[in-house]
1. If I model a spin label as a point 7 Å beyond the Cα along the Cα-Cβ vector, how far apart are those points for residue 42 and residue 90 in nm?
2. So how much slack lies between residue 2 and residue 141, counting 0.36 nm per residue of separation and subtracting their Cα-Cα distance, in nm?
3. How high is the relative contact order of the chain, given as a whole-number percent (alpha carbon pairs under 8 Å, six or more residues apart)?
4. Listing 159, 63 from the residue with the fewest other Cβ atoms within 10 Å to the one with the most, what is the order?
5. Order by neighbour count: 41, 51, 66, fewest other Cβ atoms within 10 Å first, most last.
6. Helix 30-43 versus the longest principal axis of the chain: what is the Cα-based angle in degrees, 0 to 90, to the nearest 10?
7. Please order 146, 80 by the number of other Cβ within 10 Å, starting at the fewest.
8. If you take the beta carbon distance between residue 23 and residue 59 as r and set R0 to 35 Å, what does 1/(1 + (r/R0)^6) give as a FRET efficiency, to the nearest 0.05?
């Protein structure tokens, strides 16, 4: 199976990535996100996941096929903004497809609670716990392929290599 993860600059946040990518501002246009979701659906029928901000969920979710699920990355430690209360302490993760599991394996939760990644060199880099959870959500196994469309720091591919070396992937605790 081939699984894909997309973590583009969040809608309205392109300016945070202009130093790393000269095309970052295109992601401030909702149409680019719609095209990306269509690409994910067309090219990755086995399963895909898509990260976004909670403030743009109302805009992005209607662009998705009706069989997606909204999951959550909850951040027990988050950066609080002045005069923003309640704080932004979670991010939606839209998931479609994935390998079906039988009753013989533990149920994966539809959320993960893990701290943000610090000092990775890029705003929005995902922590190890997030990656392990995402691989479990998709039901990944050795021999599968994992595509990270926005590799940033390369953390996704590094975690994929570690994840697929384990004996029993469904026993990973996240």
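Nothing in this text is a laboratory measurement; each read-out follows from the coordinates by a stated rule. This is a predicted model, so every value here is computed, not measured. Don't worry about glycine lacking a Cβ; one is built from the backbone with ideal geometry, like all the others, and counts go over all protein chains shown.
1. 3.3
2. On the way: separation 139, 0.36 × 139 = 50.04 nm, distance 1.02 nm.
Additional length available on full extension: 49.0 nm.
3. Numbers: 272 pairs, mean separation 43.3, N = 174.
Averaging sequence separation for qualifying contacts and normalising by length gives 25 percent for the chain.
4. On the way: 159 21, 63 17.
By the 10 Å Cβ count, ascending, the order reads 63, 159.
5. Working: 41 16, 51 19, 66 5.
Ascending Cβ contact count within 10 Å gives the list 66, 41, 51.
6. Taking Cα atoms only, the helix is inclined about 20 degrees.
7. Values: 146 21, 80 11.
Fewest-to-most ranking of 146, 80: 80, 146.
8. Values: r = 20 Å, r/R0 = 0.58.
Computed FRET efficiency for residue 23 and residue 59 comes out at 0.95.
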